[in-house]
Each structure stands twice: as C-alpha cells, then as structure tokens.
Amino acid sequence: MEESPLHAFELHELIPLVPAGIDISINKAVILMWVVVGLVAFLMISAAAARKLVPGKLQNLAELIVEFIRGIILDTMGEPGMKYFPLIATLFLFILFANLIGLIPGSYTVTSQIIVTAVFAVGMYGLSIVLGFSLHGVKFLGILVPPGTPGWLLPLMIPIELISQLARPISLAVRLFANMTAGHVILGVLFGLAISGGLLIGWLPFAFTIAMNGLEVGIAFIQAYIFTVLSCVYLGDAVTLHGHSEHAH
Amino acid sequence: MPQFESHFFSSLIFWEILSFGVLFFLLYKYAFPSLLGMLEEREKKIKDSLDQAERHRSEAERKLREYEAKLATAAKDAEALLTQAKERAQRLMEENEQRMTVDAERIKGDATREIEHERRKAVQDIRSQTTDLALMVAEKVVGRALTEADHRRLADEALDALSKTYQSRN
C-alpha cells in the first residue's frame, strides 16, 4: 500500500453546499472543527457549571487552562490585557484541541490547513492593527520606529520594521501549519515504512511512530502556546505602543 | 500539497469563522465568567484565610506575651509571699524563744525564791526546836529553871555560836 504521505491532508467534499455561489461544502476538516467546538464547549462549560471552591478533576483541568492563559496575558499585556481574555482563551483552546484531536488516527488536523492558520493569524494581527489605530490614532505608526532610534537611521529602520510587521501574520500562519503538516508527514512516512517493512524490520519504524506520536502531543501544546503568546504580544504592542517590554519575534 | 488547493478555501474560511464565533460565544457566555470568577473567589478566599491566619498568629503572640507577663508577676508575688512568710516565721520563732527564755528565767527565779524561803523556814524551825531541846537539857543539867528570858538569851547565844560554826563549815 504505497501512497503519498500527503494523502492524509487531502479533503473531499462530503456534503456539497453552494448557497449564493459561495462554496461552503462540508468536508472532513469542517466536521473536525465542529468536533473541536463541541468538545471544548462541553469541557469548559461543564467544568464551569461545577463551580466548587474545592474543584473536581474536570474543574481543576479547566482552571489550570484558564490560569495558564491568564498567565500568558498578564506576562505579555499586563492587567489591561484581561479584557481580551475570552478571545485569547478561545483561540488557544481551539488551536490546542484542533492540534490534539488531529493526532487521533483517522481524524483530521484542522490546523494543518494553511488557510485555517492564515485566518487565525491574519485575524489576530488585523485585530492588533485595528486596535492600535483606534487606541492611538496616527501615532500608532510609531510602532515602525523602535524607541531610541537616531533620526538618520529612520530611512533604514522604517522599511525593516515594515517588513518585520508584515512577516508577523505570515510567520504566525506558516509556523503552525508547517509544524502540524511536518509532524503528520513524518508520522505518515514512518507508518508507511512500518507497513511495507513487514514483521521482520517493520517494528523499528513502528516504534519510531509511537515515539513521534508522543513528541507530536508535546508539539501540539507548544504550537498552540506559541501562537497564543505571539498573538498576545502583537495585541500588547498595539495596546501599549512601546509601553513595556520589547517583544520577541 | 493538498493544503494549497484553493478549491476548499472558501468553505474552510466560512466554517472556521463560524465555528470560532460559536465557540467564542459559548465560552464567553457560559464558561469564562464562572471560571474566572471562581479563580478570583478562590484567590480572595486564600488571601482572606492567610490574613486571618496572620491575625490569629499575632493575637496568639499577644496572648502569649500577656501570659508570660502574668506568669512573671505571679512568680514575683509568690516569691514575695514566701519571703514574707519566712520573715514571719523567723520573727515568731525569735519571739517564742525570747518568751521562753523569759519564762524560764521567771520560773527559775520563783524556784530559787521558794527554795530560799523554805530553807529559811527550815532553819527557823530547827533553831526553835534546838532551843527547846537545849533548854530541856539545860534544865535537866542545871536542875533549876531559869526564867524564860534567860532561857532565850542563853539559847540564842548557843545557837549563834552553832550557826557560826555551821556557816564557816559551809
């Protein structure tokens, strides 16, 4: 059974839906998005419904996640950033669960679609730009001039900063997409080897598959975390405008 | 790569935004307020508990100091009481001793006086009896009676001599 390791990323229309000339057909990725939404909503809402001062297992997990996201926001944006908590938390949970569910064999990794990560990246970056201009007006263009830049360097700095700004949504989108895709390609290749190797040698790539799967769980967490942190950093930059710590690219 | 097939872009974008929107709405409305509230409540509770514990601790410390002070006072009081009792006992003992000495002196003096008195009486008795005896002897010897006055004079002379010899012997 020789097939392309990219086979796993192929989508097929399951239910064609084309209202008003726009193709919104249901495919596997869309169904997996629903699964993510349902699972996250169920987990978080049932955890929130418990509302006990001494939490049970589920509430404890939900509170751990909430506390974790709160930590990210407070670290990058400070107390005023808590206004964006619901958005950041939803983003983190959506990406995290999309990454994790994608690791279940037979399911689909929503975040391995470049367009999905691009929507998140452009959405968050766009929000930061909109927020920046609405909070600071024209002064927000000052984000292109790092504090302490001497005047004669401006012609050099502004294009560099402009490129760095434009690279933000692209790197954000590509980082998540590439990590998810690469992980699944490696898993696919290793599993293909395991199958074609047979019993004699196939156990070796199969063992690697298991190890890689464990690694992928970690990567699922890390990439969701990175995406969230960077979104927070961009939002924080826009809200405070050279207010506090320099951001990392 | 299949991910770059733009055929699916429109449906993915649409469903992603819709899914994200639905999830955001659900969590915003039903999950986050309760969870964040819970965390804050717990934080507050822990802070309150710590504050209370701190309060209790300082109160306990204060009470301990109070008790220590009381204990010190009590110890001082007890010592004072003991000293007082000792002094009293000493005084009583001295008084008793003095009184006993005085009593003993008195009893001794009384006894001495009594003995002296008895001795004098005895001497008196002996003297008068001796006189009578001597007279009787003298009457027998002389054969004639002397006057009472003579008797007395003679007897006294004899007795004086006698007592002189007696005293010189003693």
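Derivation of every value follows stated rules applied to the coordinates shown; laboratory data play no part. Keep in mind the model is a prediction, meaning the values are calculated, not measured. Cβ placement follows ideal geometry from the backbone for every residue including glycine, while neighbour counts extend to all protein chains displayed.
Per residue, the convex hull around the alpha carbon atoms of the range A:5-240 comes to 189 Å³.
The equivalent ellipsoid of the range A:7-81 has semi-axes of 36, 18, 12 Å, largest first, where each one is the square root of 5 times an eigenvalue of the Cα gyration tensor.
Can you give me the relative contact order of the range A:79-194 as a percent, contacts being Cα pairs under 8 Å and 6 or more apart? This gives 32 percent for the range A:79-194.
Computed from Cα atoms, the angle from the helix B:32-142 axis to the main principal axis of chain B rounds to 0 degrees. Rounded to the nearest 20 debye, the dipole magnitude of the range A:5-240 is 360 debye, with +1 charges on Lys and Arg beta carbons, -1 on Asp and Glu beta carbons, and the Cα centre as origin. For the range A:1-107, the relative contact order works out to 20 percent when only alpha carbon pairs closer than 8 Å and six or more residues apart are counted. Which one of A:ASP23, A:ASP75, A:ASP237 has the biggest mean-square fluctuation once chain A is modelled by GNM with Cα springs under 10 Å? The residue with the greatest mean-square fluctuation here is A:ASP23.
Report summary: the helix-based calculation at 222 nm, which adds -39500 (n - 2.57) for every DSSP H run with n ≥ 4 and divides by the residues of chain B, gives -33500 deg cm²/dmol. Extension gain for the segment B:ARG42 to B:ALA158, taken as residue separation times 0.36 nm less the Cα-Cα distance, is 28.6 nm to one decimal. The ranking of A:TYR234, B:TYR30 by Cβ neighbour count inside 10 Å, starting from the fewest, reads B:TYR30, A:TYR234. Between A:GLN223, A:GLN113, A:GLN165, the Gaussian network model of chain A with springs among Cα atoms under 10 angstrom shows the greatest mean-square fluctuation at A:GLN165.
Considering only A:GLY198, A:GLY183, A:GLY21, the mean-square fluctuation computed in a Gaussian network model of chain A, springs between alpha carbons under 10 angstrom, is largest for A:GLY21.
Which percent of the Cα-Cα distances in the protein assembly as shown go past 34 Å? Across the protein assembly as shown, Cα pairs with separations above 34 Å total 61 percent. Scanning residues 5 or more positions from B:GLU5 or on other chains, none has an amide H under 5 Å from its amide H, with H placed 1.01 Å from N in the peptide plane. Positive end of the dipole of the protein assembly as shown (Cβ unit charges, origin at the Cα centre): among B:PHE4, A:LEU190, A:VAL37, the Cα lying farthest that way belongs to A:VAL37. Between A:ILE26 and A:LEU14, A:ILE15, A:LEU17, the built amide H atoms are under 5 Å apart, and every one of these is 5 or more places off in sequence or on another chain.
Peptide A:43-50 shows a mean partner chain C-beta count of 5 within 10 Å per residue C-beta.
The spread of Cα positions in the range A:1-137, taken along each principal axis and listed from longest to shortest, comes to 51, 47, 32 Å. For chain B, a Kirkwood radius taken over Cα pairs fed into Stokes-Einstein (4 °C, viscosity 1.567 mPa s) yields D = 43 µm²/s. Once C-alpha pairs closer than 8 Å and six or more residues apart are averaged by separation and normalised to the residue number of chain A, the relative contact order reads 26 percent.
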